[in-house]
Amino acid sequence: MRCQVSVLYFARSAELAGLRSETLSVPRRITARQLWDEIVRVHPRLAVIRDQVVFAVQQEYVLLGDQLLVLLGPEM
Amino acid sequence: MRCQVSVLYFARSAELAGLRSETLSVPRRITARQLWDEIVRVHPRLAVIRDQVVFAVQQEYVLLGDQLLVLLGPEM
Amino acid sequence: MINTYAVNGRKFPKSFSNEVSELVVSPSCGAVSLFIGITRNNFEGKKVIHLEYEAYISMAETEIKKICRNIRQKWPSVKHIAVHHRLGVVPITEASVIIAVSSPHRAESLEAVMYCINTLKASVPIWKKEIYEDEYSWKENKE
Amino acid sequence: MINTYAVNGRKFPKSFSNEVSELVVSPSCGAVSLFIGITRNNFEGKKVIHLEYEAYISMAETEIKKICRNIRQKWPSVKHIAVHHRLGVVPITEASVIIAVSSPHRAESLEAVMYCINTLKASVPIWKKEIYEDEYSWKENKE
């Protein structure tokens, strides 16, 4: 099962992605690291900031690890 | 040998002494404690603040102890 | 007890630090402490032309709310807290962030302001772009 | 590097905290920290009507000069220091003392302001008379 998530980009990530927000379709059951990888698949230039990126889901910071995300709202 | 010193009173000590400054004649060789005692002899009401008084000679704080003061200037 | 906070592109008016400090004054408080973060003209020896701030505004405000909550837990006597962060271009010698905290005695407001700016820099999603003479660099807002 | 200090009976003008913070702003400084000491309406449960400050002015300025010297030894990166203490009657919610310190990075100005107000209270010959509804009390300026 997939769901639509709204992705916001800020600062350098917005410059690398070339846009500030978009909607992506991703699996509903997904880890933080897998979600990042999905995003990098769409925007390969983001790969360079993997080690510095600050990542938040539903306005909560998450590490790029194996924890499973609960994607509910439209916002990520 | 005695010398003239100018004594300034502030806050509660000014209220107790009933004046804000005066000139006293005191021995030139005198300890801090003796100097305080000379002042209290002139203004007995000051005795009550002995334990709280902040005492400065030539703009330097001194404790009411046995150290000998060097009275040079007119100001104490 | 009032928390005032704002993260937006509005330029701080002249004497804004005064306005912010007046926001937190209270008859029961003997102390107001302020911190003002200002664009400075250099970073690690490079000449900075100006800074440009960008935020995830709604999340930034949520994080500032958390900081206010933590301050009130750590220093229950703190009365009012005000946090204002400007976004967009901030020229040299102009303020980008102003924090003010009031409390009955001085220690609490001083410590709370220090905690507030340090935690804001560490946890609030605001980024700054340092514009040098011929290049620029995006930073987390840590410095 | 400028030290500005004054201990006198002049009432602080409106937006004085702003003026004092502007005194210390410098293009090389990213941080200005301020402390404002204010007359509050109570002391140990007693209702305070106003405070009255008195100082041994020349010695107070000498002691403040010493504090500035110590700040520059402890935090060599500190740029400007401003210390203003008002004397005479200070009504509730009005400021009696304003301290501002600038530095390139925030830690130094924050720590220096904290040191400055703590040391000022401990070592500068300024006394305050707390006027209650039906009595008064002279204090060293420690609180």
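The values are calculated or read from the model by the stated rules, or taken from the named source; none is laboratory data. Model, not experiment: these values are computed from the prediction. Note: ideal-geometry Cβ built from the backbone for every residue, glycine included; neighbour counts use all protein chains shown. The accessibility values were calculated without ligands, DNA or RNA, using every heavy atom of the protein model including side chains. Shrake-Rupley method; radii C 1.70, N 1.55, O 1.52, S 1.80 Å.
Tabulated values for the structure
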quantity	calculated
P(r) of the protein assembly as shown over all Cα-Cα pairs, binned every 10 Å from zero, in whole percent	4, 18, 23, 20, 14, 9, 6, 3, 2, 0, 0
Anchor D:LYS65: lysines whose Cα lies under 19 Å away (excluding residues fewer than 8 positions away in-chain)	D:LYS74, D:LYS79, D:LYS121, D:LYS142
In the C-D interface, the accessible area buried, summed over both sides, Å² (probe 1.4 Å)	3000
Chain A Cβ-axis minimum, rotational copy B, residue and distance in Å	A:TYR61, 26
Inter-copy separations for A:ARG50, label at 7 Å along Cα-Cβ, nm, ascending	8.0
Among beta bridges that DSSP assigns inside chain B, antiparallel share in %, nearest 5	90
Shortest-first nm distances, A:ARG28 label point to equivalent points in other copies (7 Å, Cα→Cβ)	10.0
Heavy-atom accessible area, 1.4 Å probe, ligands and nucleic acids excluded: residues of the stretch C:6-45 down by at least 50 Å² from chain alone	C:ASN18, C:PRO27, C:GLY30, C:VAL32, C:LEU34, C:PHE35, C:ILE36, C:ILE38, C:ARG40
Inter-copy spacing of D:THR93 label points, which lie 7 Å from Cα along Cα→Cβ, given in nm from shortest upward	3.3
q = 0.16, 0.20, 0.26, 0.29 Å⁻¹, the stretch A:2-70: log10 I(q)/I(0) [Debye, one scatterer per Cα]	-0.50, -0.81, -1.46, -1.74
Sum of -39500 (n - 2.57) over DSSP H runs of 4+, divided by residues of the protein assembly as shown (222 nm, nearest 500)	-9000 deg cm²/dmol
Separation of alpha-carbon centers, the stretch B:25-42 and the stretch D:28-55, rounded to whole Å	37
Rounded percent of accessible protein surface that carbon and sulfur make up, the stretch A:2-70, 1.4 Å probe	52
Values of log10 I(q)/I(0), in the order q = 0.20, 0.21, 0.22 Å⁻¹, for the stretch C:45-131 under a Debye, Cα-only, solvent-free model	-0.92, -0.97, -1.03
Solvent-accessible heavy-atom area per residue, rounded to whole Å², over the protein assembly as shown at 1.4 Å	46
